[in-house]
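Please treat every number below as a calculation from the coordinates, not as lab data. In this text the structure is predicted, and so the values were computed from the model without any measurement. FYI the Cβ positions are ideal-geometry reconstructions off the backbone, even for glycines, and counts take in every protein chain you see.
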Amino acid sequence: MTVEPILTLEGIPFLDDATRPRAPAIPGVTPMQRARGRRLGLYHRHHLAELAAVRAALDRFRSGTGTVEAVSEGVASLSMVANFRAFGNLCGQQCQMLQMHHDIEEGSVFPAIRQDASMSPVLDRLGAEHRTVHALLERILQIARAIAVDPRRDYALALGRIYETFEQIVISHFGYDERELEEAIGFYNAL
């Protein structure tokens with residue numbers, strides 16, 4: 001059976017800093033509270049390190065020094081992908097690293113911050129961005145599965161294009177998340 005990946009990015013909303021709501025300054029935030037808010041970045045750095053490993057495999061493939069199989073293995077070895085695979089369906093599984101990270105934000109962090117109604121536009125946008133990240137991850141997984149069945153060059157090139165978009169969106173999202181929630185996380189004791 002041939003597995004056909006989705007090779008386009010249609011239907012995936014892209015992130016635009018100009019459209020992102022800004023968090024209001026919180027008067028009286030202490031340096032200690034800001035430091036607590038910056039801990040979010042530690043979680044993000046773990047995910048970004050894994051993304052960099054896949055990026056390196058893609059770069060080797062494009063330069064002619066790597067193989068399609070190495071790219072596929074790089075994607076398949078990401079702990080977030082391994083967790084997705086181990087627990088089945090991407091959507092709704094609580095034991096997936098990135099999903100768990102977003103679940104914690106949306107289930108614990110965001111409600112604690114929502115006591116400040118002026119933060120709702122930022123929190124709503126972050127939730128929408130979570131859905132964008134996961135939609136792209138679904139597409140990456142479709143192509144990775146296709147490569148596992150049929151390691152074609154066009155699949156690997158499609159994976160590279162979608163992965164580049166995914167990586168840019170995740171980096172952008174993490175930056176927005178950290179910047180806009182830095183004060184609120186510590187002030188509202190949300191993390």
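Below are the figures for this structure:
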read-out	value
Positive-end residue, the stretch 13-55 charge dipole about Cα centroid, Cβ charges, pick of Thr30, His47, Phe14	Thr30
Neighbour-count order for Ser172, Ser120, fewest beta carbons within 10 angstrom listed first	Ser120, Ser172
